[in-house]
1. Could you tell me which residue out of Gly35, Gly92, Val76 lies farthest along the dipole of region 8-97 toward its positive end? Charges go on the beta carbon: Lys and Arg +1, Asp and Glu -1, centred on the Cα centre.
2. If the only charges are +1 at each Lys and Arg Cβ and -1 at each Asp and Glu Cβ, what is the size of the charge dipole of the chain around the Cα centre, to the nearest 20 debye?
3. Apply the Kirkwood formula to region 8-97: the hydrodynamic radius equals the inverse of the mean of 1/r over all pairs of different alpha-carbon atoms; give it in Å with one decimal.
4. Mind jotting down the distance between the C-alpha centroids of region 72-86 and region 1-64, whole Å?
5. Apply 1/(1 + (r/R0)^6) to the Cβ-Cβ distance of Trp87 and Ser15, taking R0 = 22 Å, and write down the FRET efficiency to the nearest 0.05.
6. Along the Cα→Cβ direction, 7 angstrom out, place labels at Glu48 and Val76. What is the inter-label distance in nm?
7. So if we plug the beta-carbon distance of Ala23 and Lys99 into 1/(1 + (r/R0)^6) with R0 = 35 Å, what FRET efficiency do we get, rounded to 0.05?
8. How far apart, in nm, are the 7 Å Cα→Cβ label points at Val6 and Asn36?
Amino acid sequence: MRNPDVRAAVPFYGSAPPVADVANMKAAVLGMYAGNDSRVNAGIPDLEASLKQGGKTYELVTYPGADHGFFNNHKVEYHPQAAQQAWTKMLGWLGQHLKK
């Protein structure tokens, strides 16, 4: 998120950006994570500490019982309940942070 014009972002179960990049982020970030994704989730504590320290607008949501790829309805890992909750949460987040 090096583009200063990005006002809101919603990464789904992606690895955290380098901690050094967080200081320059301007976007409001809603991170969506799968409860069973230990590899990606290992980076959440450092990411959250950096976001908090930088006074960033953020929310990190973890969906218990969901695996990496829970939002992709073409994969066996698809988790309909988590996907629906994430979709609704994402729309609300973008609506809130992309208002002109």
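Values in this text are rule-based calculations from the coordinates and carry no lab data. All values derive from a computational prediction rather than experimental measurement. FYI the Cβ positions are ideal-geometry reconstructions off the backbone, even for glycines, and counts take in every protein chain you see.
1. Gly92
2. Details: 10 positive and 8 negative charges, 89 e Å.
Dipole size: approximately 420 debye.
3. Details: mean 1/r = 0.0747 Å⁻¹.
Hydrodynamic radius (Kirkwood, Cα only) of region 8-97 equals 13.4 Å.
4. 20
5. Working: r = 22 Å, r/R0 = 0.99.
The formula returns an efficiency of 0.50 here.
6. Going by the 7 Å Cα→Cβ label model, 3.1 nm.
7. On the way: r = 25 Å, r/R0 = 0.72.
Efficiency computed from Cβ-Cβ geometry: 0.90.
8. Distance between label points: 2.9 nm.
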